[in-house]
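Please treat every number below as a calculation from the coordinates, not as lab data. Since this is a predicted model, take the numbers as computed values, not measurements. All Cβ positions, even for glycine, are placed from backbone atoms using ideal geometry, and neighbour counts span all protein chains on display.
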Amino acid sequence: MILHHGYATATTQGGVNRVVRNLELLRLALERSPDDAYLHFQLGATLNAAGRHDEAERALLAAVSDPKLDLDGAVRARAILAQLSLRRNDVAGAAAHAAACLATEPENAVALYVAAYCAAAGGRLEQALPLLDRVLAHPALAASH
């Protein structure tokens, strides 16, 4: 068995901050391929991880607006966009992104949670509770409760 601890720290072997390095590489790649939807998705995901939420949202919206973005990237981007919308208290936007995500991946835990939150925020508890049940039963979360 090989144990890899390469991502256990925020820095690379040379002491370079991993997010800073990734952002530089993604920006260089986008200079060469500005229409690459997957690069926009990766930039958005990385900016989100860095806490640069407004920039992340712009990059992710660019990614999902491109029909060439692969299905996995679109689902992951929509889940992040749903969370970012909630950060801004845009419940309608969060619900729309969560619904778009769930239309492709019905058991996406993040989208289920966001959809449940939005339903509860809108006073639709009869809709929110089954969604929360699905979140709690999600295999990715089963070991945590």
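Details
- Relative frequency of Cα-Cα separations exceeding 16 Å in region 36-99, percent: 35
- HN-Hα J in Hz across region 59-74 - Karplus 6.51, -1.76, 1.60, θ = phi - 60°, x for Gly and Pro: 5, 5, 5, 4, 5, 6, 7, 9, x, 7, 5, 5, 4, 4, x, 5
- To the nearest ten degrees, helix 37-49 and the longest principal axis of the Cα atoms of the chain are 80 degrees apart.
- In the chain, the C-alpha radius of gyration followed by the widest Cα-Cα span (Dmax) gives 17.0, 53 angstrom.
- Cα gyration tensor shape of region 102-145, rounded if a/c is under 1.5, else prolate or oblate by comparing a/b with b/c: oblate
- What the pair-distance distribution of region 15-61 shows, using all Cα-Cα distances binned every 10 Å from zero, is 31, 56, 13, 0 percent.
- Charge tally for Val19 (other residues, Cβ to Cβ under 15 Å; Lys, Arg +1; Asp, Glu -1): +2.
- Value of relative contact order over the chain, rounded to a whole percent, pairs C-alpha under 8 Å and six or more apart: 12
- As an equivalent ellipsoid, region 60-131 spans semi-axes of 22, 13, 8 angstrom, where each value is the square root of five times an eigenvalue of the C-alpha gyration tensor, largest first.
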